[in-house]
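No value in this document is a laboratory result; all are computed from the given coordinates. The structure presented is a predicted model; accordingly, all values stated were derived computationally and were not measured. Counting neighbours? That spans all protein chains shown, and the Cβs are built from the backbone with ideal geometry, glycine included.
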Amino acid sequence: MRLLRRGREMAMDCRRIREKIELFVLDGLSPEEKLQVTEHVRNCCTCREEVEQYRRLVGKIARGTQGEQLGEEEVLRLQAACRRAVREEIRRRARLRTLRNLVAALFLIATLGFVFRLSRVRKEPPPLMHESWSYRGVSAMPASPADQVVVSGTRLYLLRKKDGETCVAAVDIESGSELWRSQCKPLGYLAADADRVFCLTGGPGEEIYLTALGGDDGKVIWMVGGRSKRPVWGLCRPVVLQSALVCWTDGPEVRLFDSQTGRELWTVDLGEDGPLSRAVPDREGLFVAGRKNLYCLEARTGGELWRIDYGNGVFGRDRPLAAAWAGRVFVARKRPDFQAELVCIDARQRKILWRRPVPPVRFLLAALDGVFLRAAGIIALDRYTGHTLWRYPASGCGPLAVIEGLLHFADSTGTGRLLALDPRTGRKVWCIEGLRSCDVLKKSGTMGCIRTRDGAVHAFTIAARSFR
């Protein structure tokens, strides 16, 4: 009520003041009235605008009639004309303000409606997929990176285990039909290109071989022996590069081979006293993380382009994890106190941008504008600052993947589930219950496959809206 009364009083003041504006501008008021108008105009933007309009109009008239003497009747006519002109200008500006406010309000309503419809669409639950086929007898070792399945084109490659014997098997991803089984005895760590599948195999005296099999028949194309016996810190999956190359971290060495012939192109011993990460290809070169340094190697020759010492303490003998995105390299190293550190390095300026403590990291992914950690749950960090963007509770140790703009992973909580999150907000987009897995969804065309802990691969036909 007090505000309403004050508004009415203000409106009455404005009406009284506007009757005096012409004389105020023409300096025809008494000192008391002039002070009253001045105080009001200082606090009222509407009346202040009308005063300014009068002043501008009077100034134009004064300039146009300079040197002429006006009679009383002409002055009165000019005052009336000034009044009409100023009032018309104020009404015009009021209409423009109303129109601008209306357009802004309509835009805001349309935006809110779009966001609301988008949120409704993104929250639509399955049906997203329906199962097309399943394949049994797959090796399933929880927490092991050795038996992850890989997809290349229309083929799915996996480790098949039966009666204590292990082989590589190829399955047609559309029908689920088995295409072939290898004769070699693989240790796992599969990778594939368009024509071949690569794996690690054992030899006499625990020697390790990098082996290439034909994608059409599973026959051995070539085998290359490792420099050392099976290392105490485990094996490393080969990395398929462009231009028919495959890179393998073997103990303290990084080795590059022609993927068609197995010819060794170069070997670099980095001299680290612990395991090296998988090689991470980037436009700047090949990045390899050790316990002490990040190395950038020239892909064609293996020459060291640069290295950066992480500094900052002693770290354990676990294999570092490395990922690269848009000129930045991220390295996760485990500390002796069973915690970890994540370091961000600018590959172009060759300097450390930020570092921060994190829980022990099982999988590291850099994509879009974020860095995603599989640790105690899923953690998303801003790649520019390292600040936490969001956390999502989940158990398990499987990898993460960004597929058509959504972050995918398997959660082992309860009976297990397959999840897709919005990577910007961590909001759940969809979920399929009842899938316990240490792997991640692999997609080819309209088909998606995932290996579960019971030793089966399940293939789904994916609806188009699953990845909107």
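Given a Förster distance of 60 Å, report the FRET efficiency between residue 351 and residue 195 from their Cβ-Cβ distance, rounded to the nearest 0.05.
After rounding, the FRET efficiency stands at 0.90.
Between residue 174 and residue 27, what is 0.36 nm times their sequence separation minus the Cα-Cα distance? Round to one decimal in nm.
Here the segment from residue 174 to residue 27 would lengthen by 43.8 nm.
Going by how many other Cβ atoms sit within 10 Å of their own, how do 442, 20 line up, fewest first?
So the residues, fewest neighbours to most, are 20, 442.
In 10 Å bins starting at zero, report the fraction of Cα pairs in region 274-388 per bin as a rounded %.
15, 51, 31, 4
Past 21 Å, Cα to Cα, is the threshold; run 162/185; 161/185; 292/351; 161/443; 185/219 against it and keep the listed order.
161/443, as the Cα separations exceed 21 Å there.
I'm a student and want to see the number: the projected area of the Cα convex hull of region 144-269, averaged over all directions, in nm².
Its average projected convex-hull area is 7.8 nm².
Would you kindly derive the ³J(HN,Hα) couplings of region 269-276 from the backbone phi angles with the Karplus curve 6.51 cos²θ - 1.76 cosθ + 1.60 (θ = phi - 60°), listing them in order in whole Hz, with x for Gly and Pro?
9, 7, x, 7, 9, x, x, 9
What does the net charge come to around residue 384 if you take all other residues with beta carbon closer than 12 Å to its beta carbon, with K and R at +1 and D and E at -1?
Overall, the nearby charge balance is -1.
Report, as a whole number in µm² per second, the diffusion coefficient that Stokes-Einstein gives for region 135-217 at 10 °C and 1.306 mPa s using the Kirkwood radius over alpha carbon pairs.
Answer, rounded: 123 µm²/s.
What does the charge count near residue 396 come to, summing +1 for each Lys or Arg and -1 for each Asp or Glu among other residues with Cβ under 14 Å from its Cβ?
+4
Based on the mean of other Cβ atoms within 10 Å per residue, sort peptides 44-54, 374-384 so the most packed one is first.
374-384, 44-54
Between residue 264 and residue 446, what FRET efficiency follows from the Cβ-Cβ distance if R0 is 30 Å, with the result rounded to 0.05?
Using R0 = 30 Å, I get an efficiency of 0.15.
Please work out the C-alpha center-to-center distance from region 345-371 to region 387-402 and express it in whole Å.
Result: 15 Å between the Cα centres.
Please sort 201-212, 419-430 by packing, taking for each peptide the average over its residues of neighbouring beta carbons within 10 angstrom, highest first.
Top to bottom by mean Cβ count within 10 Å: 419-430, 201-212.
Can you tell me the length gained on complete extension of the stretch residue 304 to residue 20, counting 0.36 nm per residue apart and subtracting the Cα distance?
Separation in residues times 0.36 nm, less the Cα-Cα distance, equals 93.8 nm.
Assuming R0 = 25 Å, can you tell me the calculated FRET efficiency for the pair residue 338 and residue 395, based on Cβ-Cβ distance, to the nearest 0.05?
0.90
Using a basic spin-label model with each label point 7 Å from the Cα along Cα→Cβ, how many nm lie between residue 183 and residue 216?
Simple spin-label model gives 1.8 nm for this pair.
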